[in-house]
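Each remark here refers to the structure printed beneath this line.
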Amino acid sequence: MAALFKDRICAVVAAPTAREMQTQFRHALKFTRTVELRLDYLEGPAKIGRFLRWLGNARPRADMIATCRRLPVGGRFEVDKTNQFLVLHSAWQCGCRWSDVEIESIEDSSWKLYFLGDKRVVISHHNFETTPANLRKELRRLGWFNPHAVKMATYCLNYRDVLRLLSLCKGRRDVIAVPMGEIGLPARVLALKHGSALAYASVGEKTAPGQLTLDEMKNLYRADKLDRRTKVYGVIGNPVAHSLSPQMHNAGFHARRINAVYLPFLVQDLRDFLRAVPPLEIAGFSVTLPWKEIILRHLDECDPLAARIGAVNTVIVRGNGTLYGRNTDYVGVLRALERRVPLAGSRVLILGAGGAARAVAFALAQGGAIVCICARRPEQAQKLARDAGGEFIKRAHVRREFFDAIVNTTPVGMHPRTGESPLAARELNTRLVFDAVYRPQRTKLLQFAERRVIETVSGIEMFIAQGTAQWEIWMGQRAPEKVMRRAVMAALRKEIQG
């Protein structure tokens, strides 16, 4: 089936002034030839007129979709339907081949004749709170006016909503599916794989919840390259938006020219996500907080070491749909510490007793270290100490003890709570401090250690090591570690500069 638009990634241009709209528009054309112009974001008729006059003179070669969404239906245009359609007609005269009109406006029967002739129309339905129970009924409602395309943009509360929305695209070339919200974010990319006519991405201000930037859509996820053969990977967690795993893994895929994409999946209900794994064609996923230990209950098989650790951070989805779990966190620990501390006979304090702590404890014990555990929950810490053949240390005793290394596996100090530290400076009686937190790179704990001239290791080392190990498990080939490291470090620098 022939595509309706020049490019399937649609850049959303939305700004308060004509000059800013022009700047965003020029930037958008560097990446895509399909652009939505949110005219309702311009502050008043004079600025709308100024921008459209410029557009009429420029006459760019692009599929331009004029949108002037009214205030009652999630837009910023404060006047009535008549003025809304006058603006859209002016946009058509200035070269906008397409108009996007919400169903609430188009159902005013007096405007049916407006869309005769060579005007192309997208009729859209928006629900910023939920995904309607009967999506097919809503789709038929949009199609009653026989538009050139229909758009369903709904807020997804779970992955069942995501699947129902994406299913509307099957066998159609004229359906645009827009999953909104953070749960819907990865599906905005996957919508193109599932047949959506367009996927939207912001150039400036985001115009809908969960919307990705044009740079993310085009360069990070390469959404326009996705097809039915694209393998899907991702990271599950809550929260997950902060993860740099997409930058790392997608850089690896791009370097090796592998048809795959890696996405962040916010998971609030693990069963809900796992039910979506087959229909979303997910081939594997990373696991982060709070699911590393809970995921074990849902696996069909598990690597013996991961089972002994009691935590999984890597899942392989086999061809028959079964789930196989592994743990690569321990690889990250060993690679990060072995170069600096002779593990055999070393005394290492681990802060925390969760999934990451268990991986660290077993890795160090396997390397011959004497493992000590200190955690907020003494019972959990004592259990981990017994399992790893180590010893439990009360927090009050940490200051009196000496360790060859201290490893923080808790999230204390992680962005955005960067002013916190799991230990005070006076408690750092050690040769080396390793913080598994990698955002920020220099955590408060590492700053305390530096002031006391103690060697430090950033969690970025563990993060990259465990990630490249995951990549190699999934791909069955050596990871381009230098490329993946550069991608992570570039993302961190961008955050600091931003």
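Within the stretch 152-166, the set of residues being touching a Phe, Trp or Tyr at 6+ places or on another chain (Cβ under 9 Å) and within 16 Å of P132 (Cβ to Cβ) comprises A153, T154, Y155, N158, D161. For residues in the stretch 27-43 being touching a Pro at 6+ places or on another chain (Cβ under 9 Å) and free of Cβ contacts under 8 Å to residues at least 40 places away in the same chain, which is surrounded by the fewest Cβ atoms within 10 Å (Cβ to Cβ)? Filtering the stretch 27-43 for residues that are touching a Pro at 6+ places or on another chain (Cβ under 9 Å) and free of Cβ contacts under 8 Å to residues at least 40 places away in the same chain, the one surrounded by the fewest Cβ atoms within 10 Å (Cβ to Cβ) comes out as E43.
Scanning the stretch 439-475 for residues that are assigned by TED's automatic domain parsing to the domain that holds T288 and among the basic types (K, R) gives no hits.
Okay, residues lined up against (1) assigned to a loop (DSSP other than H, G, I, E, B); (2) crowded, with 20+ Cβ neighbours inside 10 Å; (3) modelled with pLDDT under 90; (4) in contact with a His (Cβ under 7 Å, 6 or more places away or on another chain):
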| position | (1), (2), (3), (4) |
| --- | --- |
| A46 | no, no, no, no |
| F51 | no, yes, no, no |
| S99 | no, yes, no, no |
| W111 | no, no, yes, no |
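The combined condition, being free of Cβ contacts under 8 Å to residues at least 12 places away in the same chain, outside any loop (DSSP other than H, G, I, E, B) and not hydrophobic (A, V, I, L, M, F, W, C), is fulfilled by R297.
Quick one: is S421 surrounded by 14 or more Cβ atoms within 10 Å (Cβ to Cβ) and modelled with pLDDT of 95 or more? For S421, the condition - surrounded by 14 or more Cβ atoms within 10 Å (Cβ to Cβ) and modelled with pLDDT of 95 or more - is met. Tell me, please, whether a residue that is surrounded by 15 or more Cβ atoms within 10 Å (Cβ to Cβ), outside the structural domain of V315 (by TED's automatic domain parsing) and either touching a helix residue (DSSP H, G or I) at 6+ places or on another chain (Cβ under 7 Å) or within 30 Å of G252 (Cα to Cα) (or both) can be found in the stretch 476-483. No, because not a single residue in the stretch 476-483 is surrounded by 15 or more Cβ atoms within 10 Å (Cβ to Cβ), outside the structural domain of V315 (by TED's automatic domain parsing) and either touching a helix residue (DSSP H, G or I) at 6+ places or on another chain (Cβ under 7 Å) or within 30 Å of G252 (Cα to Cα) (or both). When the test is whether a residue is surrounded by fewer than 16 Cβ atoms within 10 Å (Cβ to Cβ) and either over 17 Å from A356 (Cβ atoms) or not acidic (D, E) (or both), P264 does not pass it.
This table checks each residue for (1) within 23 Å of the chain's Cα centre (by Cα); (2) aliphatic (A, V, I, L, M).
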| position | (1), (2) |
| --- | --- |
| V277 | yes, yes |
| E281 | yes, no |
| S286 | yes, no |
| K292 | yes, no |
| D303 | no, no |
| V315 | yes, yes |
| G319 | no, no |
| D329 | yes, no |
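Whenever a residue of the stretch 256-279 is assigned by TED's automatic domain parsing to the domain that holds I294, its partners that are of a type in the set (A, V, I, L, M) and modelled with pLDDT under 95, lying with C-beta atoms within less than 6 angstrom and at least six residues away or across chains, give the pairs P264/V240; L266/V240. Scanning the stretch 76-91 for residues that are in a helix (DSSP H, G or I) and either closer than 12 Å to L39 by Cβ or in contact with a helix residue (DSSP H, G or I) (Cβ under 8 Å, 6 or more places away or on another chain) (or both) returns K81, N83, Q84, F85, L86, V87, L88, H89, S90, A91. Can R335 be described as assigned to a helix (DSSP H, G or I) and either hydroxyl-bearing (S, T, Y) or touching a residue at least 40 places away in the same chain (Cβ under 8 Å) (or both)? Against the criterion (assigned to a helix (DSSP H, G or I) and either hydroxyl-bearing (S, T, Y) or touching a residue at least 40 places away in the same chain (Cβ under 8 Å) (or both)), R335 qualifies. Among the residues of the stretch 300-326, the one identified as in contact (Cβ under 8 Å) with a residue 60 or more places away in the chain and at positive phi is G310. Within the stretch 163-200, the residues that satisfy the criterion of being touching a Ser or Thr at 6+ places or on another chain (Cβ under 6 Å) and part of a strand (DSSP E or B) are I176, A177. D272 fulfils the conditions (1) of a type outside the set (A, V, I, L, M, F, W, C); (2) closer than 17 Å to Q466 by Cα; (3) not in a strand (DSSP E or B) except for a single criterion, (2). Please find, within the stretch 207-250, the residue that is surrounded by the fewest Cβ atoms within 10 Å (Cβ to Cβ) out of those that are in a strand (DSSP E or B) and small (G, A, S). Taking the candidates together, the pick is G237. Screening E379 on (1) touching a Ser or Thr at 6+ places or on another chain (Cβ under 9 Å); (2) outside the structural domain of P279 (by TED's automatic domain parsing); (3) acidic (D, E) shows it passes everything except condition (1).
The values are calculated or read from the model by the stated rules, or taken from the named source; none is laboratory data. This structure is a prediction, so every number in the text was calculated from the model and none was measured. A quick note on method: Cβ atoms are made from the backbone with ideal geometry, for glycine too, and the neighbour counts reach across all protein chains shown.
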